[in-house]
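Throughout, read-outs are computed from the coordinates displayed, never taken from laboratory work. Everything quoted here is computed from the prediction, not taken from an experiment. Quick reminder, even Gly has a Cβ in these numbers, built from the backbone with ideal geometry, and neighbours come from all protein chains shown.
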Amino acid sequence: MPRSILLALVFCAASAAALPPAAAQTPLFTDNSELEILIEGPVQTVVRRAARNTDPVDATLSVTGHEPRWAIQLEPRGISRRTGGICNFPPLRIDFGEGTRDTLFQGQNRLKVVTRCNNGASFEQLTVLEYLAYRLYNEVTPVSFRVRPARITYRDRRDETQLNFLIEDVDDMARRNNRLVALDVMSGETRAAQLNPEAAARYALFQFMIGNLDWDMVTGRSGQECCHNSRLLAATAETRENLIPAPYDFDYSGFVNAPYALAPESLPIRSVRQRYFRGYCRFNDQLPAAIAHFQSRQEAIFALIDGETRLAAPRRAAAREFIEDFFRIIAN
């Protein structure tokens, strides 16, 4: 792969040691085994009108080996993949309503589904790579979104089967981490000075590792909820200090390397495969501990990549090489 890498003059970093250990998870995210799911309903209606209409439709969902058959509502979600003209199948949200007690979906309500953007094996590989990016961050810190792979058959006038993955709800993630709270704040209501230094630096170093620039820890679109591809967690709903940012949406990263992922025009890079560090300089003192922590998780990170057999061998080798390059950088 190209060795052209641009670095900012200073790194920021973090140690996960300052963060609380993870507690019990909801049943759906207790393991990483692949689910077989059938969703029946007007799926093509959802897909066809997704760019202009996010109204939910009634559908049913069943899981091989599990009872019962759930009545759900299905709706498109997201912005760029739904409205940007880059995908022919939008990301989805499943609303279970009631009836999940003592089942696999206990505690679930509005569940995010990351779907295959377009037809073809190459786009399925991109889904696996984005799923794997979430798993890599799980190895760095428990304050991260869990994910569950699912091979979903969408049955409408015909069957379409995709490898997708489900994303843990932010409130569940917050609760299993020492009962943190996910904040509901608008863009511009928080500042970098209010972030937990270790958590903010760890976040930025991870984004540098996967070559992702499509994020912001404290701001988002004007007039919308904070933050861009991130959520903020705190000790209480009123707390506005030591805020912990948790990232999501990694499809624009160099690690995934989607064909629609372009480098921001405002930055001096030509490709998302070129790393560019965007961390806050105020957290530079956390760099040595952060590097040490990432290095301590290096073998576990490589084991995750090597063990992801849903990736074709060439893709798996390229993914490992991209992350190996990161470890060569932080060792220098």
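Here the label points at E160 and R77, each 7 Å from Cα along the C-beta direction, are separated by 1.9 nm in the simple model. Among the trypsin sites (Lys or Arg not before Pro) in region 149-193, those placed in a DSSP loop whose Cβ has at most 10 other Cβ atoms within 10 Å are R157, R158. Applying a DSSP loop filter and a limit of 13 other Cβ atoms within 10 Å to the trypsin sites (Lys or Arg not before Pro) in region 225-332 leaves R270.
Shape of the chain from its Cα gyration tensor (a ≥ b ≥ c, root eigenvalues): rounded if a/c is under 1.5, otherwise prolate when a/b > b/c, or oblate? Prolate, because a/c is 1.5 or more and a/b exceeds b/c.
Calculated FRET efficiency, R49 to E265, Cβ-Cβ distance, R0 = 22 Å: about 0.10 to the nearest 0.05.
Among the GluC sites (Glu not before Pro) in region 24-126, those placed in a DSSP loop whose Cβ has at most 14 other Cβ atoms within 10 Å are E34, E98. Here the simple spin-label model places points 7 Å from the Cα toward Cβ, and for A331 and E225 these points are separated by 4.2 nm.
Membrane-span-like helices in the chain: DSSP H runs reaching 27 Å or more (Cα, own axis), mean Kyte hydropathy at least 0.0? Helices meeting the criterion: 121-140.
The phi-based Karplus calculation (6.51 cos²θ - 1.76 cosθ + 1.60; θ = phi - 60°) puts the 3J(HN,Hα) values of region 46-61 at 4, 5, 5, 9, 4, 5, 10, 8, 10, 4, x, 10, 6, 7, 10, 9 Hz, whole numbers, x for Gly and Pro.
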